[in-house]
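Novice: Sharing a structure below in structure tokens format, with a few things to ask.
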């Protein structure tokens, strides 16, 4: 029972898994590219600074060991921060795309109801979803269409009957 609830919660967030995964991956890839550029700039400049410091000292081996130890401790913090950042990007991209994709699913159901001739269907979005204006306009248009009565021709009634 618990597994079913967890799967349902996950499926509620991943309404369009391919689209949501693509957006998350794009965010991660762009973030990693940006981080790589910044890391290359810092690495190059820090390397020049450390080389300059080592040249000015009387004990270059000891200074180099101190610098390398300090850099290895910084490296642990950077990798940990990067991991947390990637997890946050994944969570935010799923949450945000859920707010964008959810209304599209509701609109699709509304259009399917219209195709069946059901003019009583209404699109109700959650409070934080996007596209509330579009949902209201669609609901108003559906109500207007439902209020109009179109005379059916014999050809229309024949195409909608089953044998």
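Novice: Taking the simple approach of a point 7 Å from Cα along Cα-to-Cβ for both residue 21 and residue 99, what is their distance in nm?
Specialist: The two pseudo-label positions are separated by 2.4 nm.
Novice: Quick check: from the Cα gyration tensor, does region 30-87 come out rounded (a/c under 1.5), prolate or oblate? Spell out each step's value before the answer.
Specialist: Numbers: a/c = 6.41, a/b = 1.98, b/c = 3.23.
In terms of gyration-tensor shape, oblate.
Novice: Label points 7 Å out from Cα along the Cβ direction at residue 141 and residue 109: separation in nm?
Specialist: 1.9 nm
Novice: Given the Cα-Cα distance of residue 71 and residue 37 and 0.36 nm per residue of separation, how much length would full extension add, in nm? Walk me through the numbers on the way to the answer.
Specialist: On the way: separation 34, 0.36 × 34 = 12.24 nm, distance 1.82 nm.
Contour length minus the Cα-Cα distance gives 10.4 nm.
Novice: Rounded, prolate or oblate, given the Cα gyration tensor of region 16-148, with a/c below 1.5 counting as rounded? List each step's numbers first, then the result.
Specialist: Working: a/c = 5.96, a/b = 5.24, b/c = 1.14.
Judged from the Cα gyration tensor, region 16-148 comes out prolate (a/c at least 1.5, a/b above b/c).
Novice: Another question about this same structure. Between residue 46 and residue 92, take the C-beta separation as r, use R0 = 25 Å, and let me know the FRET efficiency to the nearest 0.05.
Specialist: Details: r = 31 Å, r/R0 = 1.23.
Calculated value: 0.20.
We did not get these values from a lab; they are worked out from the coordinates using the rules stated. Because the structure is predicted, anything quoted here is derived from the model rather than measured. Positions of Cβ are generated from backbone atoms using ideal geometry, with glycine treated the same way; all protein chains shown enter the neighbour counts.
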